[in-house]
């Protein structure tokens, strides 16, 4: 049935692309809110809560099988109050009920399917359910609906018992993850020693990364290993990260033609991606490849960073400067259709047989294909070796490949594109500001700096409130929802990264403003760390905290790093005190289970290493400033400031006593500062001094 002939449900008034995908389902969907929750109580019906996101392939599958099905919809509408949630808009709800799913099944994911009492307490939970049972021993969704509806009416005591057990376990999970700072965990080098060894042992020595399949980039863990290389000088930590990054960049998870990375690979070799592209992955990986270039000075890492940032600039940027959230895996109803190729199609576009052969051999393209009869491009053979066989110099082979790639990219652009989720999320934009700032640092490309500045202006004019707080999301001219811890932490981190390469006073002022708001409204005095939601947030069944890195870093961990950096700019001891308390809460779990605590370990590294403060006074192009931005100084608290901007920053401790002499640098370490430095060689000498 066409949408125009269907009656819209209550999701039609929403702005979330994910919710709008379900606006014409026969299911009587409600958005999460007072109206739906009151209805459940009034009619004494259980709530069916479905959580997903627009780029989620299995969310689309369940929607097509069940939520578009009239028979299933009739059961849902008769027996349940049905609520649909976009996890990217409401990570607080997703976090709560994902924890329940982990408790119940040992795993989680999306779509998340949770059955709740009218008091929002869970009593049955899972992820994807097929419409009919039997496949892989999975129960059918239709059967589950009928059984739970009957139980809710006739076996209320069993429902109450189940929900009571879940609630008890749920409250406990919020306490188990970390220890209290009052336990006086010491922040010592041994914590990161233990964690680095443990993390390296988890690594896949065959294909890089961690685990077998599916395989995720885990950028925070990789960036921690780079920091451990910095503090230890042991090459194998750096080498493992470079090996992993090379495998990812060569694999199908990396869009070889258009740039950007898919969310994860379904196999151990990074060949077959789950084709959706998320903003946060590309933000974090742009940072990772930037850091690899800083360490190795290998130009291939600049090229990968550029391709990633260019993809975001081209396809994921709002006309006014913010960054969109995601691209779907599916187009024309098929997963990956936009990205895969037949060999004959490539030959017909390139025409030249030598160019076709070189391209296909380099990218592993065959008649039979490597993915359901099609080809996912992945680097299979070094270009120089192939070129020699065809009598081409390395430079000629490179040019042939570049021209062929441009032609195929142009042809691909004519295909029907995957859907795009055009929400602008504050937290993910913060990550992407960091990505563009670091990309600008290693390339000097002013377009990347401008992209970061534009995103800052977008958030300040479109998403920030007049009362000094942030909101979560923006779409179609409207910002909404109280921001979460991640929004404050990631955005502040982005501004600090931007400030380190473009030291304007407004960036530092905003980081202080939002950090102070975060400490006032998210801080838990009892346990000395940060809640996920503010103290004036909608009251839910539990107020959670996040210390684990999942697909994105932990808000508490990023906040700890931010507070350390802000302490060095401001000398406000309150920031240092709060940072230390958060790190003490996470130190022991991070040492024992490093896989989930990469970002916490990055913060502890910064504290243990003791930051070095490096400031450069530079108007316009500066050799010293450019050199500094290309160095791997992960313990650096940097500033590159113009002579005109310096007076407005001298109220902060970091900038006091700095003379406005263009082309001058200063290095401060262990509470002592250098004399003015006027050459790159002299600055290098100070930074390499132990």
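What follows is calculated from the coordinates using simple rules that are stated; it is not laboratory data. This structure is a prediction, so every number in the text was calculated from the model and none was measured. In this analysis, Cβ positions are derived from the backbone assuming ideal geometry, glycine residues included, and neighbour counts consider all displayed protein chains.
Miscellaneous remarks
- Stokes-Einstein D (µm²/s) once Rh is taken as the Kirkwood radius of region 303-450 over alpha-carbon pairs, at 25 °C in 0.890 mPa s: 141
- The length gained on full extension between residue 146 and residue 540, counted as 0.36 nm times the residue separation minus their Cα-Cα distance, comes to 139.1 nm.
- Bins of 10 Å from zero: percent of alpha-carbon pairs in region 119-169: 23, 45, 30, 2
- Centroid-to-centroid, using Cα positions, region 463-526 and region 619-661 are 23 Å apart.
- Ordered from longest to shortest, the equivalent ellipsoid semi-axes for region 3-176 are 23, 18, 17 Å, each the square root of 5 times a Cα gyration tensor eigenvalue.
- Overall dimensions of region 612-688, expressed as equivalent-ellipsoid semi-axes from the Cα gyration tensor (√(5λ), whole Å, largest first), are 17, 15, 11.
- Residues 41, 610, 142, sorted so that the one with the fewest Cβ neighbours within 10 Å comes first: 610, 41, 142
- Over the residues of the chain, the helix contribution to mean residue ellipticity at 222 nm works out to -15500 deg cm²/dmol, using -39500 (n - 2.57) for each DSSP H run of at least 4.
- Calculated FRET efficiency, residue 296 to residue 406, Cβ-Cβ distance, R0 = 30 Å: about 0.65 to the nearest 0.05.
- Net length gained if the chain between residue 480 and residue 6 were fully extended (0.36 nm per residue, minus Cα distance): 167.8 nm
- Taking 0.36 nm per residue of separation and subtracting the current Cα-Cα distance, fully stretching the chain between residue 380 and residue 633 would add 87.7 nm.
- Where labels lie 7 Å past Cα in the beta-carbon direction, separation of residue 337 and residue 650 in nm: 6.4
- Among 171, 542, the order by Cβ neighbours within 10 angstrom, fewest to most, reads 171, 542.
- By the count of neighbouring beta-carbon atoms within 10 Å, fewest first, 341, 428 end up ordered 341, 428.
- Shape summary: region 339-414 maps onto an equivalent ellipsoid whose semi-axes, from the alpha-carbon gyration tensor, are 20, 14, 10 Å in decreasing order.
- Calculated FRET efficiency for the pair residue 154/residue 680, C-beta based, R₀ 56 Å, to 0.05: 0.10
- Measuring between their Cα centroids, region 387-452 and region 84-160 lie 40 Å from each other.
- In range of the label at residue 194: residues from region 228-259 whose backbone nitrogen is under 12 Å from the point 7 Å along Cα→Cβ: none
- In this calculation the C-beta distance from residue 659 to residue 509 is compared with R0 = 22 Å, giving a FRET efficiency of 0.45.
- The structure shown yields Rg and Dmax of the Cα atoms in Å, and of the options [x] 26.1, 87; [y] 30.2, 126; [z] 26.0, 81 that calculated value carries the label [z].
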